[in-house]
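As structure tokens, the structure follows; a few thoughts come after it.
Read-outs throughout are calculated quantities, based only on the coordinates presented, and are distinct from any laboratory measurement. Every value quoted in this text rests on a predicted model; they were computed, and no experiment measured them. Methodologically, a virtual Cβ is constructed for each residue, glycine included, from the backbone with ideal geometry; neighbour enumeration extends over all protein chains shown.
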Amino acid sequence: MREGAIVLLPLAQANGTVKPRPAVALRQLPGFGDWLVCGVSTQLHQAVAGFDETITRGDADFANSGLVRPSLVRLGFLQAVPFRKIVGRIGSISAERHGRLLANLSRYLMP
């Protein structure tokens, strides 16, 4: 699997339920091969300006994403997951979008 892949995996929701959801594979973590992923949602109104990324039908990477509706890549919805929990890959985002996501996250984490 590559960074920037959009994968399906069981993600815990805010209400505690777990259901298969799309997520962006941000980076493989050192040590055990787990992946840092961020959830993807169709709830566009939850976008955090300057932090999250919205993927719409007009974007160059929408067709390759495997998403069926405009969606929000939520950097605030991070999880580290073992590779074995990933059910499958549905598509990918562009290298440019992946770089922006990592830059936004890095900027937020730095003091």
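None of R57, R27, R84, R74 is buried (at least 18 other Cβ atoms within 10 Å of the Cβ) and among the basic types (K, R) except R74. The set of residues from region 44-56 being touching a Leu at 6+ places or on another chain (Cβ under 9 Å), part of a loop (DSSP other than H, G, I, E, B) and over 14 Å from A23 (Cα atoms) comprises A47, V48, F51, T56. If you go through region 57-98 and keep only what is in a loop (DSSP other than H, G, I, E, B) and among the acidic types (D, E), you end up with D59, D61.
The rows are residues; the columns are (1) in contact with a helix residue (DSSP H, G or I) (Cβ under 6 Å, 6 or more places away or on another chain); (2) of a type in the set (S, T, N, Q); (3) at positive phi.
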position	(1), (2), (3)
I6	yes, no, no
P10	no, no, no
P30	no, no, no
I55	yes, no, no
G66	no, no, yes
S71	no, yes, no
L75	yes, no, no
A80	no, no, no
V87	no, no, no
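Residues satisfying the criterion are absent from region 96-106 (criterion: exposed (fewer than 12 other Cβ atoms within 10 Å of the Cβ) and within 19 Å of M1 (Cβ to Cβ)).
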